[in-house]
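> Just dropping this structure here.
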Amino acid sequence: MTTVSFQEKIKGVGGHASYEAKARIFREQLEAKIPASLRLPPAILEDPPLNVTHIPETCGLLTPKELDITELDATAVCQKIAVGELTAVDAVTAFGKRAAIAHQLTACLIDFFLDEGIKQAQQLDEYFRKEGKVIGPLHGLPISIKGMLPVKGTVGSAGFLMNIETATEDCDMTRILRSLGAVFYVKTNQPQTLMHLESRSTYGRVLNPYNTDLTAGGSSGGESALVAMKGSCIGVGTDGGGSIRAPSAHCGIYGFRPSCRTTPLHGVLWYQPGQDGFFSSVGPMCRSARDMRLFLEAVLGANPALLDPDVLPVPLKMPDLTKKKLRVGIMMHDGVVMPHPPIIRALKWAKAKLEASSEVEVVDYTPYDHDRGYSIVRELYYEDGGATVRRILKESGEEILPLTEWVISPPHVRDHDASEVWKLRDERDNYRREYSDHWWSQNVDVVLCPPFPGTASRHDTAKYWGYTAIWNLLDYPGTAFPSGFVADPAIDIYQEPPSPMSAADEYNLSLYDATKFKGAPASLQIVGRIYNDGLVLAAQEVVERILKS
């Protein structure tokens, strides 16, 4: 068996010599921003363990106070700053230093600007000293930002080397967060095209902190790895096919995909402007359920519809579930691909715990023609047959990665003329109506299901998005959250050879070797109907409380 070194594992995109020269400049610029005082010893980087999550605590680069701060979730950071128990400077310094360490182990960043973050934090601390109050609900909170969301004066990208740029202004989301008191200090890595459930780019391949032989997910994989390494307590991702939920699930953190057009997207970097067959949404990736709520209440409370005319003024309504028994549908699989044993084990355990509770009613949920829905959304992603992607790569000399070739190739992807685009949108809308009727017939409030057909995937193998992308097609909000289980080769094995349900299932089965996924978090997903974002958040809190009891 060929042994792959850590440096080979973390390597970025290749290409022609001219491309490589340009790419090397960007990587060297990023590495130069990491202070010498925060560089890990060569002995650690030469041969780190598969699980690198403990290295920030043991490497000696962080003080006990900084380690304590980075154990806090975002809500606790905000609470402590608001009562004067923690300064914004101390908060961003601690998370920034830990982010530098995390990057050396996972390639999670594309920009590091801690000095700027500290200056911003100093201004907030001075305001607090003078006024005796916070400037907003996120006063002093360090927030990491996905690469495609511009932050003024920092590096961003739409997924290719040729569109890496330094932002001249904030996008609407970062502008709102800044106005609420958030502090920015890093931008995070994402994949070529922004359309992989893995994150490999010019800046390197993002590794899963719990098992670096596995991916941290995508396209917000830099965020998931950074939050899991506690180099951030909360970050901002985007999700058009699973790009918040899948990486959150892979790294055992919390992530929420809001209903589209409830959070602002204006100014976000993208290479298919005007393509509206599907929409993405912007949401939080964090370390606790309450942090998801904190983020959405703050952002929606700022009324982003006043800034971005494409945003719908839909308030976050959190229902009181003590007055109504929550009805939870359990979807063990989607009828297309059977999840790997660790996910099935987590779902069966969750179902048993919920069935034993008097707080909820549990029913089996029957998926509705998910194979057809998945085919529709895959076709919607690249209505030009992938021509734009191929043109961008050709112009820059950037090598096309395996998952890029897969995502823009038949059978799901082909070129469309105007009438064919209309027909495809009609198929989308008809499917949405059929699914809506089916949902009502199932009589459920929310559905508990897998967020992915396994734990974190092996590198370059994430070729089934059906457990997340189907909900993007329907625009049903959803959250991924940890079950508390991790993959265990001793018990997560097939008792007998399974019979594949489809070609995609056969491929998924071929990927499973229990020994390869050791230690990978097993996560769950809760989804609800469009614009029921508050219900999904409230339901997740109820479900998680029961599971932890």
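> Which condition number in (1) surrounded by 18 or more Cβ atoms within 10 Å (Cβ to Cβ); (2) in contact with a Gly (Cβ under 7 Å, 6 or more places away or on another chain) is the one that Val363 fails?
(1)
> Looking at (1) farther than 25 Å from Thr215 by Cβ; (2) outside any helix (DSSP H, G or I), find the lone condition where Ala43 falls short.
Every condition holds for Ala43 apart from (2).
> Right, here's the next one. Does the stretch 51-79 hold any residues that are closer than 21 Å to Gly519 by Cα and crowded, with 18+ Cβ neighbours inside 10 Å, and which are they?
Once the filter is applied, which keeps residues that are closer than 21 Å to Gly519 by Cα and crowded, with 18+ Cβ neighbours inside 10 Å, the stretch 51-79 yields Val52, Thr53, Ile55, Pro56.
> Filter the stretch 157-192 down to the residues that are polar (S, T, N, Q) and in contact with a Leu (Cβ under 8 Å, 6 or more places away or on another chain), then identify the one that is farthest from Gly237 (Cα to Cα).
The extreme case among them is Asn163.
> Which condition from (1) over 18 Å from Trp439 (Cα atoms); (2) assigned to a helix (DSSP H, G or I); (3) touching a residue at least 12 places away in the same chain (Cβ under 8 Å) is the one that Gly484 breaks?
With respect to (1) over 18 Å from Trp439 (Cα atoms); (2) assigned to a helix (DSSP H, G or I); (3) touching a residue at least 12 places away in the same chain (Cβ under 8 Å), Gly484 is out only on (2).
> Sticking with this structure for a sec: From Tyr531, Tyr476, Tyr464, which residue is among the aromatic types (Phe, Trp, Tyr) and either farther than 30 Å from Val314 by Cα or in contact with a Leu (Cβ under 8 Å, 6 or more places away or on another chain) (or both)?
Tyr464
> Another question, if that's okay. Report the residue count in the stretch 1-39 for those that are of a type in the set (A, V, I, L, M, F, W, C), under 21 Å from Gly231 (Cα atoms) and open to solvent by less than 70 Å² (accessible area, probe 1.4 Å).
5
> Checking the condition acidic (Asp, Glu) and surrounded by 24 or more Cβ atoms within 10 Å (Cβ to Cβ), which residue from Asp533, Asp513 passes?
Of Asp533, Asp513, the one residue that is acidic (Asp, Glu) and surrounded by 24 or more Cβ atoms within 10 Å (Cβ to Cβ) is Asp533.
> Test of understanding: among Ile526, Ile491, which residue is on the phi < 0 side of the Ramachandran plot and touching a Ser or Thr at 6+ places or on another chain (Cβ under 8 Å)?
Step by step, each of Ile526, Ile491 is checked, and only Ile526 is on the phi < 0 side of the Ramachandran plot and touching a Ser or Thr at 6+ places or on another chain (Cβ under 8 Å).
> Name the residues in the stretch 394-405 that are more than 21 Å from the chain's Cα centre (by Cα) and surrounded by fewer than 22 Cβ atoms within 10 Å (Cβ to Cβ), would you?
Lys394, Glu395, Ser396, Gly397, Glu399, Ile400, Glu405
> Count, please, the residues in the stretch 385-401 that happen to be touching a residue at least 60 places away in the same chain (Cβ under 8 Å), not polar (S, T, N, Q) and not in a loop (DSSP other than H, G, I, E, B).
Total meeting the criteria: 5.
> Pairs under 7 Å by beta carbon, first residue of a type in the set (Asp, Glu) in the stretch 327-342, partner open to solvent by 10 Å² or more (accessible area, probe 1.4 Å), six or more apart or different chains?
So the pair list comes out as Asp334/Pro367.
> Could you check, for the stretch 406-423, whether at least one of its residues is of a type in the set (Phe, Trp, Tyr), under 17 Å from the mean Cα position of the chain (by Cα) and outside any loop (DSSP other than H, G, I, E, B)?
Checked against the condition, which is being of a type in the set (Phe, Trp, Tyr), under 17 Å from the mean Cα position of the chain (by Cα) and outside any loop (DSSP other than H, G, I, E, B), the stretch 406-423 yields no hits at all.
> Scan the stretch 493-510 residue by residue and report those that are open to solvent by 70 Å² or more (accessible area, probe 1.4 Å), of a type in the set (Ser, Thr, Tyr) and touching a residue at least 40 places away in the same chain (Cβ under 8 Å).
Tyr494, Tyr507
> Right, next: Where in the stretch 245-358 are there helices (runs of 4 or more DSSP H), lying wholly inside it, with at least 1 residues that are under 17 Å from the mean Cα position of the chain (by Cα) and surrounded by 18 or more Cβ atoms within 10 Å (Cβ to Cβ)?
Passing ranges, in order: 245-250, 289-301.
The values are calculated or read from the model by the stated rules, or taken from the named source; none is laboratory data. The model shown is predicted, which means the values in this text are computed figures rather than measured ones. All Cβ positions, glycine included, derive from the backbone under ideal geometry; neighbour counts span all protein chains shown. In case anyone asks, the SASA skips ligands and DNA or RNA and just uses the protein heavy atoms, side chains included. Shrake-Rupley method; radii C 1.70, N 1.55, O 1.52, S 1.80 Å.
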